[in-house]
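Everything on this sheet refers to the single structure shown next.
The values are calculated or read from the model by the stated rules, or taken from the named source; none is laboratory data. As the structure is a computational prediction, the values presented were derived from the model and not from experiment. No Cβ is skipped: glycine too gets one built from the backbone with ideal geometry, and neighbour counts run over all protein chains shown. All accessible areas refer to the heavy atoms of the entire protein, side chains included, with ligands and DNA or RNA removed. Shrake-Rupley method; radii C 1.70, N 1.55, O 1.52, S 1.80 Å.
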Amino acid sequence: MIDVMKMFKARMYMKRNEPFLYSWHAYVGYELDLFKAFERPVTKFDVADALQLDEDLLNQWVNVGVSIGHLKEAGRDRYKTWNAWKLPKPKGNNSSGVLLKEMMELHIPTLLSYPEMMRKQERLHFDEEKHAPTVAETSRLLEVLALPKMSRRLKGKDVDTVLDIGCGEGGYIKKLAERFPNTHFTGIEISPAVTEVAKSLTRDNQNVSIENADLWKYKPVQLQGMVMMNNVIHYIDLEKRQDLFTELSSWIKEEGILSVVTPIAGDSDSTPFANVFNSFFSSFDNLYRLPTRQELAQWGKHAGLELLSLQTVIKEGGWYIVQYEKKS
Ligand SMILES: C[S@@+](CC[C@H](N)C(=O)[O-])C[C@H]1O[C@@H](n2cnc3c(N)ncnc32)[C@H](O)[C@@H]1O
């Protein structure tokens with residue numbers, strides 16, 4: 001009986017892990033541009049030759065692809081990409097593949113270091129410069145959902161200046177700048193490489209300026225109509241979060257807005273994903289756990305900001321947009 005249970009459990013673990021194959025396969029295809037290579041029917045040999053890849057490993061990747069429906073046999077030893085709508089687009093087109101890359105290269109290896117970190121009672125160090133470009137790109141996948149909630153705060157109001165702290169590639173301010181041509185948008189970003197990307201993507205936007213700056217050493221030259229801080233809180237030490245809100249509040253005009261995007265964890269109704277984010281962030285000595293709902297309310301209150309709304313951006317990820325108004 002016990003042996004049967006053992007086998008049953010082992011089978012269950014394997015079954016539960018099957019989705020990993022889909023992600024792994026899609027990740028490899030994205031990273032090596034293989035779905036593009038197999039766009040038209042082609043032999044494995046020709047792809048290996050053209051892209052200078054190990055033919056045996058490519059062969060294995062193709063076999064898995066056929067069995068999970070990412071590739072299809074096309075006769076005469078040729079294969080082609082199948083169900084392309086499910087697969088990531090090639091690199092560099094704001095592709096969803098960048099999320100696979102972040103998961104496979106950063107999140108999963110980090111979570112797999114848990115036993116060693118726990119035994120040694122040590123943390124990893126998050127290499128900001130190395131990961132900043134990927135992280136800035138994945139954050140952008142939320143833009144489409146969060147943007148309307150930001151626009152709503154600017155619409156019909158005469159907001160002359162907006163500041164985006166930790167602006168990443170500047171995706172939010174670029175889109176808002178196009179929508180609100182009479183408002184000036186400033187983005188500050190600590191990573192020099194990401195700052196360069198933001199500058200080049202907003203090159204044609206007259207009402208956008210991007211600066212390479214650390215938020216702790218920055219002060220805007222004038223009071224702002226709206227300050228945004230999207231997906232930055234987990235970079236901020238817990239002890240400094242209240243100070244940060246107080247500081248940001250002092251940069252905002254009376255009746256101006258503070259708009260913050262962040263996942264929230266720590267509630268009984270937090271999603272498993274929000275909780276595993278915390279497992280990820282806690283693995284590093286320079287990243288910090290997500291805020292709770294209560295903390296977000298409290299930091300605002302102590303900084304003279306009235307909580308206007310707390311709305312869901314992505315339920316599964318536990319992502320929210322929290323907006324405050326500076327009290328007069
Ligand atoms: C997860 S990304 C989010 C980018 C963008 N706000 C978005 O939501 O799409 C966080 C960004 O904050 C930047 N950042 C972290 N600490 C910062 C600091 N002290 N000053 C300015 N930027 C910072 C990081 O380099 C990174 O590009």
What FRET efficiency comes out for the pair residue 158/residue 328, r = Cβ-Cβ distance, R0 = 25 Å, nearest 0.05? 0.95
Hey, can you find the accessible area per residue of the range 1-100 for me, probe 1.4 Å, expressed in square angstrom? 69
Net charge near residue 286 (other residues with Cβ under 10 Å of its Cβ; Lys, Arg +1; Asp, Glu -1) is -3
Can you compute the modelled spin-label distance between residue 312 and residue 223, with each label point 7 Å from Cα toward Cβ, in nm? 3.7
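Taking all protein chains in place and a 1.4 Å probe, what share, in percent, of the accessible surface of the range 67-210 do carbon and sulfur account for?
Summing carbon and sulfur atoms, their accessible area is 52 percent of the total for the range 67-210.
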Could the peptides 170-176, 67-73 be put in order, highest first, of the mean number of other beta-carbon atoms found within 10 Å of their residues? 170-176, 67-73
With θ taken as phi - 60° and the coefficients 6.51, -1.76 and 1.60, list the Karplus ³J(HN,Hα) couplings across the range 24-30 in order, rounded to whole Hz; mark glycine and proline as x. 4, 5, 5, 4, 5, x, 5
Size descriptor, Kirkwood hydrodynamic radius, that averages inverse alpha-carbon separations across the range 223-274, Å: 12.5
Contour minus end-to-end for residue 275 and residue 294, with contour as 0.36 nm per residue of separation and end-to-end as the Cα-Cα distance? 5.2 nm
Which residues qualify? For residue 211, with a placed amide H closer than 5 Å and at least 5 residues away or on another chain, they are 187, 188, 189
Give the peptides 204-210, 75-81 in descending order of average Cβ contacts within 10 Å, highest first. 204-210, 75-81
When every alpha-carbon pair in the chain is counted, what percent end up more than 36 Å apart? 31
With a probe of 1.4 Å, find how much accessible area the range 134-326 has per residue, and write the answer as a whole number in Å². 44
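Give me Rg/Rg_expected for the range 2-91, where Rg uses Cα atoms only and Rg_expected = 2.2 N^0.38 Å with N residues. All intermediate terms of the calculation are to be shown ahead of the outcome.
Details: Rg = 15.5 Å, N = 90, 2.2 N^0.38 = 12.2 Å.
Rounded to two decimals, the normalised Rg is 1.28.
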In order through the range 75-80: 3J(HN,Hα) via Karplus (6.51 cos²θ - 1.76 cosθ + 1.60), integer Hz, x for Gly, Pro: x, 6, 6, 9, 10, 9
How much net charge surrounds residue 3 when only the other residues with a Cβ under 13 Å from the Cβ of residue 3 are counted, with Lys and Arg +1 and Asp and Glu -1? +3
Residues of the range 57-78 with backbone N under 18 Å of the label point set 7 Å from the Cα of residue 46 along Cα→Cβ are 58-59, 62-63, 71-78
Please compute the modelled spin-label separation between residue 193 and residue 237, points set 7 Å along Cα→Cβ, answer in nm with one decimal. 2.6
Given the Cα-Cα distance of residue 89 and residue 6 and 0.36 nm per residue of separation, how much length would full extension add, in nm? 25.8 nm
To test your reading of the geometry: what angle, between 0 and 90 degrees and rounded to tens, separates the Cα axis of helix 293-302 from the longest principal axis of the chain? 20
List residues of the range 177-205, by number, whose backbone nitrogen lies under 17 Å from a label position 7 Å along Cα→C-beta of residue 128. 187-198
If you line up the long axis of helix 128-139 against the longest principal axis of the chain, both from Cα atoms, how many degrees apart are they, to the nearest 10? 90
The range 259-328 pair-distance distribution - Cα-Cα, 5 Å bins, rounded %: 3, 18, 25, 22, 16, 11, 4, 1, 0
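Show me the three semi-axes of the equivalent ellipsoid for the range 127-251, from the C-alpha gyration tensor (sqrt of 5 times each eigenvalue), largest first, rounded to whole Å.
So the equivalent ellipsoid measures 21, 18, 14 Å along its semi-axes.
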What distance in nm separates the simple spin-label points at residue 212 and residue 111, each placed 7 Å from Cα in the Cβ direction? 3.5
Please report the antiparallel percentage of the DSSP beta bridges confined to the chain, to the nearest 5. 50
Using only helices, what value at 222 nm comes out for the chain when you add -39,500 (n - 2.57) per DSSP H run of length 4 or more and divide by the total residues, to the nearest 500 deg cm²/dmol? -13000 deg cm²/dmol
